[in-house]
Each structure stands twice: as C-alpha cells, then as structure tokens.
Amino acid sequence: MRKTYYLFNPGRLSRKDNTLQYTAYDEQGLPGQVKYLPIMDVADLYVFGSLDANSSLYNFLGKNGVSVHFFDYYEHYTGSFMAKEYLLAGKLQVQQTQHYTSKTKRIALARKFVEGSAFNLLKNLRYYQSRGRDVAAHIDQIEGYVAALPFANAVPELMGLEGNIRQTYYSGFDRLVPTDYAFGTRTTQPPQNELNALMSFGNMLCYSACLSQIYHTQLNPTISFLHEPGTRRFSLALDLAEIFKPLLVDRLIFRVLNKREIRPNDFVQDLGRCVLKEPAKKTVVRVFEERLKETIQHRSLKRSVSYQHLIKLECYKLTKHLMQMEEYKPFKAWW
Amino acid sequence: MRTITATHVKYYHVCHRKLWLFDRDLWMEHTSEAVAGGELLHQTAYPQRAERYKEVSIGGSKIDFYDPHRRVIHEIKTSQKLEESHIAQLKYYLWLLEEAGVEGPTALLEYPKLRQTLAVALTPADRADIPQWLTRIQQLQSDNTPCPPTINKPFCRQCSYYEFCYVGE
C-alpha cells in the first residue's frame, strides 16, 4: 500500500537511480541527513517546508503517478503537481458535464452531498449527546434544516441550508471541547482563533485527500455539483470533502483537544490571524494519517476498508450515478 | 465502428458488465495487484525465450509472443481459473491470423506457475462462432446499451472491478 509523505523540513528531493533521495537542510542551510524513499511506497507528497527539486525529479514522479501538493507558510493549499492524466474516459466526462448543466440532475446530486454531510455531522453530535454533553437543541435544529432539504430547488438554496447546518453544528462545538477554547463564529482567510485554525488546517488536509483519490479514478476533479466549478480549484474535491469532514476532521479536532495532544500554547496569534506551530501541525497530520488508515468492516463489500479507501469508493458510486448505472447514495456512517 | 481488441473478446467470455465498463475506458486495472502480478510473471517467466519471438499488432490486438517461422502464438497466464476466456482469446488471435492470410497457425497457452501448457486450435465451429461474438460485442459497445447487471460469481471477489460493482451504499 502506497503512503502519503509529508515534508515539513526544508531540504532537497532528488531522483537517485530509481528511488527518491531526500537531503534535509540544517539551520545554516547546509545539507545534512540523507533519507531514501522507495518510489513504489509513495502515493503522494505534501510539501509544507521549502523544497528544492529539479525537473528530472518531476519527470520521475510524473512517470510513477505521484502527485505533489504544496502549501504556503500559513498552511494554505497553493497548488499541485499532477502527473499527466492517465485515466481519461470521454463518455464519463460528457456525462459529468451533462449532470452539471442539467438543473434537475445537478440539484439531485448536490442535495445528496448535503444530506450525507448532515447525516455524518449529526452522528458526531449524537455520539457526544450519549456521553452527556447537552447538544439536543442543536440536533433538533439541524434536523429541521435536513427536513427542508428535499424542498430546496436551487443550488444556492441548498448552499444556504448547508451553511445553516454548519453554523448550528459549530455553535455546539463549545460544549464538546475543553473550556480553554471558544469557537465564536467560523472565520477563514484568516482563521481568527484556535478552533478555526485547526478546522482550516484539517479541512485542507481532507480536501487534498479527496483530490488524491479522485485523481486515481476517471472523474474530472474540476466539474462539481454542490460547489460551483471553479477555475482555480478542484471543486469536486470540495463536494466530496463535505461528506468526510465530520468523520475525518471534526472528530480529529475533538480528539486532539480533549486528549490535550494540542494545547493553547501550540498556536501563534499574529495580526488577527491564528496559526498552528510546527510541532502541532505534525501532530494534526499524524492523527489525520492514523485516521485515514483506520479500517472499518464494509457492509456490502464484506471486507475491511480504510477511511482513505472509503473516499475512493465514493468516487466509484459517483461514477455509477453519472453513467446511469445506479443512483448515488452518499456515504453515511452506519456504526 | 469502435475497435474490438482481444481484451474485449476475453472479457466477453468472463463478464459482459466488465466488457461494457472497459469499453467505456472505465479501467480499474491500474489499482489491481493481480494485474501487476500478471505483468511481472509475463516479464520473468521465460527469461531464456529466444529472439525469434516477435510482438505482433494485428486488427487492433497485440500478440505478445509470436514465432513467425513456426507460426505459433504463446500466451502466458497466471492461473487456470478463467481458462475458457484464455482459450477464447487465443482462438481470436488464430482467427485474426487466418483472416490475414497466415496458413495453419497454432497456439500454446502457458501457465508457468502450474508448469502446464495447453495447445489451442481453431475448429470449423469456432470459425462460425467468432463472428457472432464480435456482433454481440458491438451491441454492447453501442451507446444505447445500458450496463449489464452484476453476475455475482465467486470470482467477482478477485476482479479489479469488485469494489466498483458491489460497493452499494
């Protein structure tokens, strides 16, 4: 099984024969320890630190289907290097486009994404409800919005409902994490407090994980249904991320804060922006990876599958919907 | 008319749904360990195989090992599990060669891991059947043909499309 590698430290990545060689730079910027990563072990690379590389490395990565995702100092996703598309399916592409341009087909799919997302985030709230946190009012309110989903007949309306659901959900967060943190409202670009910073970082990891999986299927990552297809974003990954954020990101936030794996002094505040310090980023990435590798017994496949693989299965279901084989049912945590 | 390859013929004898999906470029092989294993076997099974064997492209299909002097096709497979489809694939190669004017070609199906080989020949009955296979494959390739249902066979679990077909909810 190929793995995702996260590069935090500055260094040089190069091709060495048929394997990858990583030379870390020390504080003076001088080459230090050398590590080797067998290419067949690498699924993709996430680059957070400054990386030196040349085109022969990218040719090598491209030939082996390894993508590289880049993030800036503030952990924003800035772009990806993707190998030449190796899975092209014209008929699927035509279908995907038609499902976007037809108002009825598009809204049917968009609604599924919101439904799946709402189901999974309610699951989180119910879990904490059963452990004595009082979030009953939030659950009721969200259920009210969910009941309205079938009557929304335009995508902006759905987005509005989705916004309300999220807002209600976030307003319950203060009851689920230690009292050191107050969520207030969701702020992005920049996130203004600790919870928002964690959430932005986690969502970004989730988005990239979805993109990586879409990339290994024939779906076109730029044609989306709930989110408006953007010219600068792989917006289909945003659609899929909606479904998986409650399981992959929100639960991670509760865990690292409640287990105090991350503490208030793991954040830096500067100029109205809150950023995770480097060791904290590593913690989040480690927990996120553990989560992606965690397996569940799949009901219909009768085999154990990892969370990461669940994202790919979601791509298969979407493909089947687009090819008019089987109606898409969003992933709903069944345990 | 779309091209028909030997892979189409092989899948036609395994699962029509697989053929339908494969024909629409919905490939799963890139994720399959079984396929990677087969490729490795192909590269390593007969290191001493002589130079006289050629790779031949014919009618949109590719024969990996063909000996033009003795007019013998060699085809390497991992296991006998889907032998019928392997035989069909070879018969299709033989038929293509005959159509191209090669006289009396023969074929050998090789299972190096089982240390077994099997000779395959084209019978008059096959010569009548093959055009029928091709007609049916063309039907499945048509845009109006919906995807055939899953076949629920025990070998589905080994197929690279298993998760695609049976993922359900």
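Quick notes
- Calculated FRET efficiency for the pair A:M159/A:K35, C-beta based, R₀ 45 Å, to 0.05: 0.50
- Extending 7 Å from Cα along the Cβ direction at A:Y58 and again at A:T104 yields two label points whose distance is 4.6 nm.
- Considering only the range B:6-165, percent of DSSP beta bridges that pair antiparallel, nearest 5: 70
- Rounded accessible area per residue of the range B:6-165, 1.4 Å, Å²: 53
- When DSSP beta bridges are restricted to pairs lying wholly in the protein assembly as shown, around 70% turn out antiparallel.
- Residue mean of other protein chain beta carbons inside 10 Å, B:23-29: 5
- Positive-pole candidate from A:L292, A:H99, A:P221, dipole of the protein assembly as shown, charges at beta carbon: A:L292
- Partner shielding of B:159-169 amounts to 6, given as the average count of beta-carbon atoms from other chains within 10 Å of each residue beta-carbon.
- Look at where the Cα atoms of the range A:268-335 and of the range B:33-90 average out, and the two centres are 40 Å apart.
- Take the accessible area of B alone and of A alone, subtract that of the pair with a 1.4 Å probe, and the total buried over both chains is about 2300 Å².
- When DSSP beta bridges are restricted to pairs lying wholly in the range A:5-135, around 60% turn out antiparallel.
- Ranked by the mean number of other Cβ atoms within 10 Å of their residues, highest first, the peptides A:265-273, A:53-61 come out as A:53-61, A:265-273.
- Ranked by how many other beta carbons lie within 10 Å on average, peptides A:303-316, A:120-133, A:210-223 from highest: A:210-223, A:303-316, A:120-133
- Average projected area [Cα convex hull, chain A], square nanometres: 18.2
- Among the protein heavy atoms of the protein assembly as shown, carbon and sulfur supply 51% of the accessible surface, probe 1.4 Å, non-protein parts ignored.
- Semi-axis lengths (Å, descending) of the ellipsoid that matches the C-alpha gyration tensor of the range B:6-165: 26, 21, 13
- Applying both filters, DSSP loop and at most 10 other Cβ atoms within 10 Å, to the GluC sites (Glu not before Pro) of the range B:89-122 gives B:E103.
- Inter-chain Cβ neighbour average for residues A:321-330, partner chain, 10 Å: 3
- At R0 = 30 Å, FRET efficiency that the Cβ-Cβ distance of B:E169 and B:E84 yields, to 0.05: 0.35
- Part-to-part distance (alpha-carbon centres) for the range A:107-174 and the range A:248-263, which is given in Å: 21
The values are calculated or read from the model by the stated rules, or taken from the named source; none is laboratory data. Quantities reported herein were computed from a predicted structural model and do not represent experimental measurements. Using ideal geometry, Cβ is built from the backbone for each residue, glycine included, and neighbour counts are taken over all protein chains shown. Ligands, DNA and RNA are excluded from the accessible area calculation, which covers all protein heavy atoms including side chains. Shrake-Rupley method; radii C 1.70, N 1.55, O 1.52, S 1.80 Å.
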